[in-house]
1. For the cross-link pairs A:9/A:111; B:55/B:233; B:233/B:313; B:332/B:421, which exceed 23 Å when the distance is taken from alpha carbon to alpha carbon?
2. Work out the mean other chain Cβ neighbour count within 10 Å for the residues of B:78-89 and drop it here as an integer.
3. Compute the distance in nm between two label points, each set 7 Å from the Cα along the Cα-to-Cβ direction, one at residue A:91 and one at residue B:334.
4. May I ask you to give the average projected area over all directions of the convex hull of the Cα atoms of region A:3-140, in nm² rounded to one decimal?
5. So for B:313, B:229, what's the accessible-area order with a 1.4 Å probe, most first?
6. Kindly state, to the nearest 0.05, the FRET efficiency for residue A:12 paired with residue A:83, given R0 = 25 Å and r defined as their beta-carbon distance.
7. Calculate the all-directions average of the projected area of region B:22-86's alpha-carbon convex hull, and give it in nm².
8. Between residue B:308 and residue B:374, what is 0.36 nm times their sequence separation minus the Cα-Cα distance? Round to one decimal in nm.
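The values are calculated or read from the model by the stated rules, or taken from the named source; none is laboratory data. Since this is a predicted model, take the numbers as computed values, not measurements. In this analysis, Cβ positions are derived from the backbone assuming ideal geometry, glycine residues included, and neighbour counts consider all displayed protein chains. Quick note on the areas: whole protein, heavy atoms, side chains included, nothing else; ligands and nucleic acids left out. Shrake-Rupley method; radii C 1.70, N 1.55, O 1.52, S 1.80 Å.
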Amino acid sequence: MSEITLVSKEGTKIQISSQFSNLSGFIHNILQDYQQNEDISLASVSFINLQMILEYAVHHNFQVPQPPRCPITSPNIADNVSDPWDAEFVNRLNEDQIIDLVTATNFLDMKSLMDLCLAKIACMFKYKDIETLRKEYGITEEFTAEIEEKLKSDFPWAMEAESND
Amino acid sequence: MHRKLNYKRKNEMSFYIRNTNMIPQSILSEIMVYLNLPELLEVRIVNKRFYNACKSPFLFRREFISMWMTSTDTSTQASSNWQSLCLEGIRAKVYWQNLSDEIFTNQELRILYDELVSTLASPIPIFPVMRRDIFCMPTLIQDLLANPDDQFIIDSELEQYSEAIAIYLQENSEELFYQTHTNDLIALRWNTRKSNERDSIGSESTQCSEDFNDSLLIVLIKAIKKVVKIYCKAASQLLLESSSILTAYANAWESYSFAIKKINSLFLPVTELINEFYENNYGNNNNTPPRINMMKILLSIWRRRVFEPCKEKILSQVINELNQIRETSIEKLYWAESRRIVEGLLDLSLNELSVFFKQHSLLTVEGPYSYLHYGVIEKLKEFYNDFPVVFEKEQEILSGIFIPATVREARRNYCDIIGKKFKNQELITESLNYEKNEDDLMIEWTAQNYGIPVDDFDIFKRFSQFKENKFCDIVVQLHDYNMCIDSQA
């Protein structure tokens, strides 16, 4: 078996090497009982996402690449991945696309690409204080002032100890 | 003060996630995996969804391990205790940073702290791999116990630190002695000795007084203990979460025993100075409390913080392994993890004298090893009652794992149970057999080498004043035995 047929939620068919199962746990399980020429329906994956996923898979030659650094060390994703192509790939996605892609990779059990997307989102949070995060992401405060103060005073030395490093 | 994260954005990000509600909670938790401890503590305050996403114990376990331990961290469960452990770890670090800088500079304290933490996390193995793999005896701790002078050997690599501390202490010694409150020292020394178990390793009373002492040396000892206690607490948490506690415990103990030797050497000038000061002031008679011994303090912490919480799980796994060996192949005996566990627990149970008599069938079983000993013996009683076995094979298995005192006790129980069951008087008699064997003769010989005639009760009594309890117990036991034999004759 060299090729399999994936069907996006819009019904578009895409042919791809069966080696894709190296990257996707979902496809790997499907192939256990797969009969040739059978279509594999991906009801939760749009055509656009599927194209991006395949682009990623082909670039990595259907092999699992090195995961992003964890925890990340910089707000720039390029500093946290070993392959610069990964950073370029994920940087060109907009906010809707990246959330969609996370959902699609979650459905496909495709850990490597999902990790890349998650690391990209984590980069958005890095080095930002609470107010900045709230402002940028339109979050209204939910904690009462007392609870927030308590949470802040829970670990004051944590911040100081680490910042001295 | 709450730290404001100083972030200067170099390049404007290409996009923002305008509404984090778009992200499912489970994925938000996965994103948090990529943040480090200070960032997690900051981000969790944003709102309740962020707070819940940041409270995964796996995150806190990972962060704790990355900062204070070395572990593969593969277990699938993590306790909620990891968050508080992180908190305690950071608190200990700040405690060190805030120690008085009258004698040590902040930089030296930092070096000492880093050295202490890195030693606990990954100490340099002292035994080569081959020697460790073949289950060598005595272990490092037993070796040190039986040769106390070895504890004061300073590794060449530590000389730079030890020497620096020693010089500082020497230069300031007069002032230091003058400033150190005598009462504080007495309190500390008393705390190291007040237990009845003062001669046994792992006395439960090595805690410093709750009162905050203003002597730097005492505070320093307390600071060392603080870090070690947190490490041990985390180690026990990891063991409880581990799927194979026997291997995990044996490995953790081996690593800790290497760390003990290094920490003992590292802080030797400190403990020696306190000891010297105390001896100068209070003399060196029989009533003088024992010297502060870092090795014993560290053993005690391990016993309380690691062994106690894990002991039930360890016992149950040892019994499982025994059953497996019995049911499958005796060859598995040579790979049994229980052997390493027994050695580790003996490290915590023997003292300077009893270490010599480890292989003796009359050794008084005490300390953590006794928990294993009696636990296994009780289980074996049930087993012998339900499934009469041929003891020769059983003996081979037990001898391969436990010390002779345990094997002897198991044999006595076997003879008693089977004898009564089959009304076999010979076995019942054997269960009461206390006859001397070669090991008993060896004890007598050693006692004589110490200049103690084994048949003179008065001398035994005098000998007991030296408070060498363990050794004395054995010799008194022998004496009682001789008296018993004499009266029968």
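1. B:332/B:421
2. 1
3. My value for the distance between the label points is 6.0 nm.
4. The orientation-averaged projected area of the Cα hull of region A:3-140 comes to 9.0 nm².
5. B:313, B:229
6. 0.35
7. With every direction weighted equally, the projected area is 4.5 nm².
8. Stretched out fully, the residue B:308 to residue B:374 stretch lengthens by 22.2 nm.
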